[in-house]
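Chemist: Quick one: the structure is below, questions incoming.
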Amino acid sequence: RDPLLRIRGLKTHFETAEGLVKAVDGVDLEIPRGKTVCVVGESGCGKSMTARSILQLVERPGRIVDGTIEWRPDADSDEVVDVTGLSPKDPRLTSLRGGEIGMIFQEPLASLSPMYTIGAQLSEALRIHRGLSKAEARERAIDMLRVVGIPRPEQRIDAYPFQLSGGMCQRVMIAIALSCDPKLLIADEPTTALDVTTQARILDLLGDLQQASGMSMLFITHDMGVVAEIADEVVVMYLGRVAERGTVEQIFNDPKHPYTRALLQSIPTGGKTDGVRRPLTAIRGMIPHPQNRPTGCPFHNRCDFAVPGVCDVQLPPTALFDDHHLANCHLYDEQGDGVHPGAAVDG
Ligand code: SF4
Ligand code: MG
């Protein structure tokens, strides 16, 4: 296993006037070549901040205080870049952002400039990262709009973002992100602002584009229905930490962590992206404020299986099940054998 990206012990903290917020607090994550890793969790769990840390896009007062983020662009070479060691002006970072790593966000209209045509914005990326001439960039931009399924791209290229629907704008963002043939696409809730039909189309499109290009994808979502649709591997996050990690089959067929089980219960039966979803508030209790991180397991105040005197006191150990499947939970010992009653519950 030679991942494209390997994050170890990442801590991204915010020093605010009200106190220290440990938005990301010791996250390990690997993105294999050509695969889609979904990071899933409720808002505030640190999933977006993990993604932003990869591109050094954390804004003050936040900063990466610990950990490594290793980028291995080429499976056949020994080149390893620790992204956390790159200064903001390092050309290596510029080539990562929007070049080797493409990024799309939840709100396409907030990411596109209202002042420029979509063609101008697409061409800019191509000229910066690819050194294309104006005419070449325009031609490639039209090709890219066609690839992402925008009808009549020769005309649409001269449209401004406000002239397009949300779904079309998200396709433009995908076109921009993919225009430089990234090795990794980071997608942060890219379909959350879209209606369910458009959402399903965009997910299909991303799946097809990935198959065609062989790129890896880091897909961030709060929605287990989306995970089911698109993931090869899943990382479940809660309050800045990894609760569970596994293949999509392991997570859906044999979930180990009570939080993962609760997330799965929030998906309506039979529904992937075509049904109406129950909100994640189906999980009882409130997410603690990140400034008031509970002692012990961060999930203990909402967990139906919490072991008194243990879960509220000690950080959970890492239980390793089959192969790549792990959970941080007191219900298991480090070999993955159940040591408390909740372990045997079927997901
Ligand atoms: Fe629940 Fe305890 Fe496991 Fe945390 S460590 S998820 S409180 S059983
Ligand atoms: Mg977010």
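The values are calculated or read from the model by the stated rules, or taken from the named source; none is laboratory data. Because the structure is predicted, anything quoted here is derived from the model rather than measured. Quick reminder, even Gly has a Cβ in these numbers, built from the backbone with ideal geometry, and neighbours come from all protein chains shown.
Chemist: Tell me, which residue of segment 26-46 that is at pLDDT 95 or above and in contact with a His (Cβ under 9 Å, 6 or more places away or on another chain) is nearest to ligand 1 (Cβ to nearest atom)?
Modeler: 40
Chemist: Next up: Among the residues in segment 9-22, are any surrounded by fewer than 17 Cβ atoms within 10 Å (Cβ to Cβ) and within 16 Å of ligand 1 (Cβ to nearest atom)?
Modeler: For segment 9-22, residues surrounded by fewer than 17 Cβ atoms within 10 Å (Cβ to Cβ) and within 16 Å of ligand 1 (Cβ to nearest atom): absent.
Chemist: For residue 141, work out the one condition from (1) free of Cβ contacts under 8 Å to residues at least 40 places away in the same chain; (2) assigned to a loop (DSSP other than H, G, I, E, B) it doesn't fulfil.
Modeler: For residue 141, the failing item is (2).
Chemist: Here's something else I'd like to know. Go through segment 85-141 and report how many residues are among the aromatic types (Phe, Trp, Tyr) and more than 16 Å from ligand 2 (Cβ to nearest atom).
Modeler: Looking only at that region, the number is 1.
Chemist: Taking the conditions exactly as written (surrounded by fewer than 19 Cβ atoms within 10 Å (Cβ to Cβ), over 18 Å from the mean Cα position of the chain (by Cα) and part of a helix (DSSP H, G or I)), does residue 175 satisfy them or not?
Modeler: No: the conditions fail for residue 175.
Chemist: Name the pairs whose Cβ atoms lie under 6 Å apart, with the first residue in segment 250-262 and over 21 Å from residue 284 (Cα atoms), the second surrounded by fewer than 24 Cβ atoms within 10 Å (Cβ to Cβ), and 6 or more positions between them or separate chains?
Modeler: Cβ pairs passing all conditions: 250/325.
Chemist: Applying the selection to segment 178-207, what residues are surrounded by fewer than 18 Cβ atoms within 10 Å (Cβ to Cβ) and either among the acidic types (Asp, Glu) or within 16 Å of the chain's Cα centre (by Cα) (or both)?
Modeler: Within segment 178-207, 181, 192, 195, 204, 207 meet the criteria.
Chemist: Right, here's the next one. How do the pairs read when you match residues in segment 145-160 that are hydroxyl-bearing (Ser, Thr, Tyr) with residues anywhere that are assigned to a helix (DSSP H, G or I) and crowded, with 20+ Cβ neighbours inside 10 Å, using Cβ under 8 Å and keeping only pairs 6 or more apart or on different chains?
Modeler: From segment 145-160, the pairs are 160/118.
Chemist: Let me ask something else about it. How many of the residues in segment 26-57 are among the acidic types (Asp, Glu) and within 16 Å of ligand 2 (Cβ to nearest atom)?
Modeler: Total meeting the criteria: 1.
Chemist: Condition first: more than 10 Å from ligand 1 (Cβ to nearest atom), at pLDDT below 95, in a loop (DSSP other than H, G, I, E, B) and closer than 23 Å to residue 265 by Cα. Now tell me which residues in segment 325-347 satisfy that.
Modeler: 336, 345, 346, 347
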